[in-house]
Amino acid sequence: MDSSATKQLGKEVIEALRKGNPAEAFEKVKKYLSDVENTPLNVAITGESGSGKSTFINAIRGLGDEEPESAQTDVVETTMEPTPYPHPKNKSVTYWDLPGIGTPNFKASEYLDKVQFQRYDFFIIIASERFKENHSMLAEEIQKMNKKFYFVRSKIDRDLRESQERRAKTFNEKELLEKIRQDCVNSLKKDIKDITDDSVFLVSSFKPALFDFSRLLKTFEEELPSHKRYVYLRALPNISSEAIQMKLQALMSIVPLVALQAIAASIVPGLSDVNEMLSLTYRISQYVESFGLDEKSLNDLMERSGRNDVKSLMKSPFVKYEITYDLVSRELEKRRGRVYMGVKTFFSWVPVLSATVSGPMSASACIDLLYSVLNEIADDAKVAFEAAFGCSEKNNNNVMNV
């Protein structure tokens, strides 16, 4: 979250409470949360037809190629219009499949105008072989308009497999990957001077746990504006333990604000404990879904991975059982009276609120519950990832999307 915006929110909440208007204070928190969680993020995926754009879009959305919401693959590209593919669980994030750039009369400036360049937050330029003049021309135009772009060399698993089949005795994976990277960099350097080895990402959309996919996701996170970062991290696919950890940190960053919204019944007249508990129940359900551990997602994972025991490996009660009012209430009761360090940290900028929040549901118990639940669910997500991907991310040869 934007720290300056959070500090401003704190000042506004304090002022509302000083005026004796807790309802206004919590409406401000509610609106801020809504703005943070619903900020639109639009990502453009472009490249030549057949470069693997659709499969990449499915992988980054955490889908296989055969699911109802998946982008179509192995079809001849005929459309000249950008095709939107919203994230299946976070509709604020949309990946756009742009028309192919491999036509003989390709003109980068006209192409960007036709696909409505200003709509997108950044561009991913994909090639399945070497990068060509069209790719460089497009990157130059994007650069002129002060937008970010990333070069992705796709189908790395195919290249490695074919090379190993042809040269079984002399095959060296590390050397081949370096050769492919250098070939990409050298092709792009002809037109783009500041290209480095780190500017090109080698990926397999079928095996996203391998190669540079995780580094690509991390780079997006580091270079996105702060107001876009949360919604992006919340939509990360579970392609590695690192990606799961990044998502966990993002969700934890707004726990204190979520707690404020949930405990409104302790302060604001007219709200009941039932509404309060329902708010927590809804939020925890979102956490489970965000980590791909809801019933449908787990069933899909078990079907794709061939591991029918994944659900039995889960430990969090919120993953193992139906998330109900009673379950949340019981888990909350365990935490009454406990002080979580996050409470002190958060309320340091809202001293008035620290004294005000002292109703039936304590702020400390609420925040403790949400932090604990997130950690438990993230741990289960890592277990599910390891079960589906194999015991080693680096040496797995049968990777499936989570």
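The values are calculated or read from the model by the stated rules, or taken from the named source; none is laboratory data. Here the structure is a predicted model, which means the values were calculated and not measured. Using ideal geometry, Cβ is built from the backbone for each residue, glycine included, and neighbour counts are taken over all protein chains shown. For the accessible areas, the whole protein counts, side chains as well, though only heavy atoms, and no ligand, DNA or RNA atoms are used. Shrake-Rupley method; radii C 1.70, N 1.55, O 1.52, S 1.80 Å.
Overview of results
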| quantity | calculated |
| --- | --- |
| In segment 166-201, residue least open to solvent (accessible area, probe 1.4 Å) [restricted to those that are without any contact (Cβ under 8 Å) to a residue 40 or more places away in the chain, outside any loop (DSSP other than H, G, I, E, B) and not charged (D, E, K, R)] | V185 |
| Test: residue in segment 21-43 that is assigned to a loop (DSSP other than H, G, I, E, B) and among the charged types (D, E, K, R) | no |
| Residue that is modelled with the highest pLDDT [pool: residues in segment 339-387 that are hydrophobic (A, V, I, L, M, F, W, C), over 25 Å from N21 (Cβ atoms) and open to solvent by 10 Å² or more (accessible area, probe 1.4 Å)] | V383 |
| Condition check for S49: small (G, A, S), part of a loop (DSSP other than H, G, I, E, B) and surrounded by fewer than 16 Cβ atoms within 10 Å (Cβ to Cβ) | yes |
| Matching residues, segment 100-150, being assigned to a helix (DSSP H, G or I) and among the aromatic types (F, W, Y) | Y111, F117 |
| The one condition in (1) in contact with a Leu (Cβ under 6 Å, 6 or more places away or on another chain); (2) farther than 30 Å from L298 by Cβ; (3) polar (S, T, N, Q); (4) free of Cβ contacts under 8 Å to residues at least 60 places away in the same chain that T46 fails to fulfil | (4) |
